[in-house]
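The values are calculated or read from the model by the stated rules, or taken from the named source; none is laboratory data. A quick note: this is a predicted structure, and the numbers were derived from the prediction, not measured. Counting neighbours? That spans all protein chains shown, and the Cβs are built from the backbone with ideal geometry, glycine included. Heavy atoms of the whole protein, side chains included, go into the accessibility calculation; ligands, DNA and RNA do not. Shrake-Rupley method; radii C 1.70, N 1.55, O 1.52, S 1.80 Å.
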Amino acid sequence: MDGVFRLVSGCPGPSGFGSASTAQEVTEGIDGTNLTALVTGGASGIGLETSRVLALRGVHVIIGARNMKAANEAKNKIVRETPRARIDVLELDLCSTNSIRSFADNFIALHLPLNILINNAGIMFCPFQLSQDGIEVQFATNHIGHFLLTNLLLDTMKNTVKASGIQGRVVNLSSIAHNYCYKKGIRFHKINDKQGYSEKRAYGQSKLANILHANELSRRLQEEGVNITVNSVHPGLIMTPLFRHSAALMSITFEILQFLSLEERSSGGSYDVLRRAPPATQWGDRKILCGLQ
């Protein structure tokens, strides 16, 4: 209950930060000039704010986006604000395994290090449809796409860790909606079954998969002795283009919660940026209560 109160009220926790903290606040004093980060869906919403603040802190940011026009506009916006920002954009459609493999090949061909991978892009509450690969679109985009991308780039991150000595970070943007999954959890044998489909429970299913992915990958990396952390985070309720399939309902909900002092859009990137701050031994404990699933 205390965690819920802090989430809604914005009151800071033991770290000194809370749900009302902004990404700029939680990264104050951090120098990221020797880091490279990949942000999926970095052209809008939480991803854009995350990309903006990482660039502000000197991180070389690679934005993976399906809409290249929007991605280049986002890049130009960030550069106008921070002229020394290092931003590159690459095309990435998480609904297509062909696009994901092409993106990974293009990224690896750049011979860049990879310190941070933020699996941020996602869709929510969509009417039933299948991806290009014949997979239910929310599960395909939110989980399968990021699962494949992470696997394809994991060796690059491991090599970066080995060469630099800097801890790698993988962050999956999940949601507290993972609690609102199907009754028996993930419908592994009915992922693509239209009968019984619920747009909200399908979203919760994909978010639960994000958490399970992070937990298992973290366990395996620890067993290997690889210095890479993997976390899943709940970013809070923020009105972004993610709500486009349920605009009326979520607008009303958002207004009520905003009245109760829930976070504004600019604070949304703080959760995933926080997970990419230096280790606790260097910067102190920066966990946000309820932020880490």
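I'd like to know if segment 67-84 contains one or more residues that are within 27 Å of CYS181 (Cβ to Cβ) and either without any contact (Cβ under 8 Å) to a residue 60 or more places away in the chain or over 18 Å from the mean Cα position of the chain (by Cα) (or both). Before the answer, list the steps.
Kept after step one, since they are within 27 Å of CYS181 (Cβ to Cβ), are these residues of segment 67-84: none.
The answer is no, given that none of the residues of segment 67-84 is within 27 Å of CYS181 (Cβ to Cβ) and either without any contact (Cβ under 8 Å) to a residue 60 or more places away in the chain or over 18 Å from the mean Cα position of the chain (by Cα) (or both).
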Which residue is modelled with the lowest pLDDT, if the candidates are limited to segment 2-30 and must be in contact with a Phe, Trp or Tyr (Cβ under 8 Å, 6 or more places away or on another chain) and hydrophobic (A, V, I, L, M, F, W, C)?
CYS11
Count of segment 35-47 residues which are open to solvent by 10 Å² or more (accessible area, probe 1.4 Å) and either within 21 Å of CYS95 (Cβ to Cβ) or basic (Lys, Arg) (or both)
4
Hey, among the residues in segment 16-33 that are within 26 Å of LEU112 (Cα to Cα), out of contact with any strand residue (DSSP E or B) (no Cβ under 9 Å at 6 or more places or on another chain) and polar (S, T, N, Q), which one's most open to solvent (accessible area, probe 1.4 Å)?
GLN24
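Would a scan of segment 31-45 turn up a residue that is among the acidic types (Asp, Glu) and at pLDDT below 95? Break it down stepwise before answering.
Taking segment 31-45 first, the residues among the acidic types (Asp, Glu) are 31.
Next cut, at pLDDT below 95 only: none.
Looking for residues that are among the acidic types (Asp, Glu) and at pLDDT below 95, one finds none in segment 31-45, hence no.
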For the list (1) over 17 Å from ILE62 (Cβ atoms); (2) in contact with a helix residue (DSSP H, G or I) (Cβ under 7 Å, 6 or more places away or on another chain); (3) open to solvent by 50 Å² or more (accessible area, probe 1.4 Å); (4) of a type in the set (A, V, I, L, M), I need the number of the one condition that ILE186 fails.
(3)
